[in-house]
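Structure first, commentary second.
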Amino acid sequence: RGCLEAYVSGNGLLKGYRLRGGDFSLKGPDIFKRASEGDIVSQATLNEFIDKLALGCVNILNTLAPEHLVLGGGISMQGENLLLKPVRERIGAIMSMPLQNPATISLAQLGSSAGVIGAALLALDMEI
């Protein structure tokens, strides 16, 4: 239960991994690495994670029709091949209409610092 971020954040990934009996000492990037090495628990966790993220993106795309969707946070540091490509593929499989331009979904260029930088820029824009 909870918002989308509860499931598709670094903490959500770790929780899903640990609920499957995964090693409590691992961090998010370790799960991506182990999944690529063939670890079944990591692969199952990552597949569920990608499914939920793609479904969340589809809901946003269908409901709000944004021109661009940017995925940020620490998990976005996994990059194009490990995160964005599988998410785009799942979105294509879920959507009833094909995504016209897959490039409309991208990773935040500022990585996990995007939110903090955005808040600081907003504060600078505000009149005191």
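The values are calculated or read from the model by the stated rules, or taken from the named source; none is laboratory data. In this text, all values refer to a predicted model and were calculated from it rather than measured experimentally. As a convention, Cβ positions derive from the backbone with ideal geometry for all residues, glycine included, and neighbour counts pool all protein chains shown. What goes into the accessible areas is simple: the full protein's heavy atoms, side chains included, and nothing from ligands, DNA or RNA. Shrake-Rupley method; radii C 1.70, N 1.55, O 1.52, S 1.80 Å.
Let's see how each residue does on (1) farther than 19 Å from Leu55 by Cβ; (2) part of a helix (DSSP H, G or I); (3) at pLDDT below 90:
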site: Glu80; (1), (2), (3): yes, yes, no
site: Lys85; (1), (2), (3): no, yes, no
site: Arg88; (1), (2), (3): no, yes, no
site: Ser96; (1), (2), (3): no, no, yes
site: Leu99; (1), (2), (3): no, no, yes
site: Ala103; (1), (2), (3): yes, yes, yes
site: Gln109; (1), (2), (3): yes, no, yes
site: Ser113; (1), (2), (3): yes, yes, yes
site: Leu122; (1), (2), (3): yes, yes, yes
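Restricting the stretch 6-26 to residues that are touching a residue at least 24 places away in the same chain (Cβ under 8 Å) and outside any loop (DSSP other than H, G, I, E, B), the residue that is most open to solvent (accessible area, probe 1.4 Å) is Tyr7.
Do we have Asn47 as open to solvent by 10 Å² or more (accessible area, probe 1.4 Å), at pLDDT 95 or above, in a helix (DSSP H, G or I) and polar (S, T, N, Q) here?
Working: open to solvent by 10 Å² or more (accessible area, probe 1.4 Å): yes; at pLDDT 95 or above: yes; in a helix (DSSP H, G or I): yes; polar (S, T, N, Q): yes.
Yes: the conditions hold for Asn47.
When Lys52 is tested against (1) among the basic types (Lys, Arg); (2) without any contact (Cβ under 8 Å) to a residue 40 or more places away in the chain; (3) closer than 21 Å to Cys3 by Cα, exactly one condition is not met: (2). Here Arg1 fulfils each of the conditions (1) open to solvent by 90 Å² or more (accessible area, probe 1.4 Å); (2) in a helix (DSSP H, G or I); (3) not acidic (Asp, Glu) apart from (2). Just one of the numbered conditions (1) within 16 Å of the chain's Cα centre (by Cα); (2) not in a strand (DSSP E or B) is not true of Val70: (2). When you look at Gly73, is it at positive phi, touching a helix residue (DSSP H, G or I) at 6+ places or on another chain (Cβ under 7 Å) and surrounded by 14 or more Cβ atoms within 10 Å (Cβ to Cβ), yes or no? Here the answer is yes, as Gly73 does meet what is asked.
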